[in-house]
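Written below as structure tokens is the structure these notes are about.
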Amino acid sequence: MANWAWPEIFDEESARDAAHKAGGWAAFVAGLTALFAVISLTSGTSVMGADGWSLIDAALFAAVAWRTWCGSRGWAIAGLAIYCIGVLYRIASHPPGVSILTIFIILALINGVRGTFALHRFIEMKKQEAMNAMVDTGAQAYQAYASTTSVPPPPPPPPRPPETPK
């Protein structure tokens with residue numbers, strides 16, 4: 001019943017789906033913010049608290065949407081933080097400032113953070129399984145070059161001159 005609000009993330013596909021939904025909601029926020037900013041610029045009055053500077057917010061949320069859709073953990077966290085700060089500002093300056101749509105967006109962004117972290121965890125597990133499979137089959141696993149502090153071996157001794165027969 002509550003699967004839409006808190007989806008179960010159990011594999012790479014479900015994690016990607018959560019990230020895509022969060023990216024979609026962030027794109028919705030970007031589009032709505034841009035629409036209100038353009039309307040306020042053309043009409044000369046503030047619409048839903050938006051003004052010309054809100055176009056910067058819209059561009060920022062467009063970047064959040066794109067990067068969250070692609071699975072970026074940092075951008076998912078940044079999007080959630082920026083949106084929550086905006087909600088807190090709206091609550092402080094224009095009470096009540098929270099609607100049911102705000103709650104849906106916050107839940108989607110939280111699920112996006114969950115999804116991006118799970119996505120990276122599943123990708124890392126897949127890499128680890130591939131490495132283990134290579135080792136099990138006897139394939140040479142890739143090892144990164146690591147510098148050592150040991151001293152190189154000494155050079156070989158010079159060749160001895162041939163012995164003369166007596």
Worksheet item: Among the residues of region 41-60, which ones are farther than 25 Å from PRO96 by Cβ and either in contact (Cβ under 8 Å) with a residue 24 or more places away in the chain or of a type in the set (S, T, N, Q) (or both)?
Response: THR42, ALA59
Worksheet entry | Hits in region 52-80 (condition: within 19 Å of LEU35 (Cβ to Cβ), buried (at least 19 other Cβ atoms within 10 Å of the Cβ) and modelled with pLDDT of 95 or more) | ALA58, PHE61, VAL64, ALA65, GLY79
Item to complete: Run LEU60 past the list (1) among the hydrophobic types (A, V, I, L, M, F, W, C); (2) touching a strand residue (DSSP E or B) at 6+ places or on another chain (Cβ under 9 Å); (3) within 21 Å of GLY115 (Cβ to Cβ) and report the number of the one that doesn't hold.
Response: (2)
Worksheet entry | Count - residues of region 116-132 that are touching a helix residue (DSSP H, G or I) at 6+ places or on another chain (Cβ under 7 Å) and small (Gly, Ala, Ser) | 1
Practice prompt. Go through region 81-107 and give me each residue that's surrounded by 12 or more Cβ atoms within 10 Å (Cβ to Cβ) and either touching a His at 6+ places or on another chain (Cβ under 9 Å) or among the β-branched types (Val, Ile, Thr) (or both).
Written response: ILE82, VAL87, ILE91, VAL98, THR102, ILE103, ILE105, ILE106
Practice prompt. Return the only residue of ARG90, ARG67 being under 18 Å from LEU101 (Cβ atoms) and basic (Lys, Arg).
Written response: ARG90
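Please go through region 1-48 and give me each residue that is of a type in the set (Phe, Trp, Tyr) and part of a loop (DSSP other than H, G, I, E, B), ordered by number.
TRP6, PHE10
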Item to complete: Kindly provide the set of residues from region 98-146 that are β-branched (Val, Ile, Thr) and modelled with pLDDT of 90 or more, ordered by number.
Response: ILE100, THR102, ILE103, ILE105, ILE106, ILE110, VAL113, THR116, ILE123
Practice prompt. All but one of (1) in contact (Cβ under 8 Å) with a residue 12 or more places away in the chain; (2) of a type outside the set (Asp, Glu); (3) closer than 13 Å to TRP25 by Cβ hold for VAL38, so report the exception by its number.
Written response: (3)
Item to complete: Scan region 98-117 and report the pairs whose first residue is within 20 Å of ARG16 (Cβ to Cβ) and whose second residue is in a helix (DSSP H, G or I) and polar (S, T, N, Q), with Cβ atoms within less than 9 Å and a gap of 6+ or a chain change.
Response: LEU109/THR68; GLY112/THR68; VAL113/THR68; GLY115/SER14; GLY115/THR68; THR116/THR68
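The values are calculated or read from the model by the stated rules, or taken from the named source; none is laboratory data. What you are looking at is a predicted structure, and each value in this text was computed from that prediction instead of being measured. Here the Cβ is made from the backbone with ideal geometry for all residues, glycine too, and neighbour counts use every protein chain on show.
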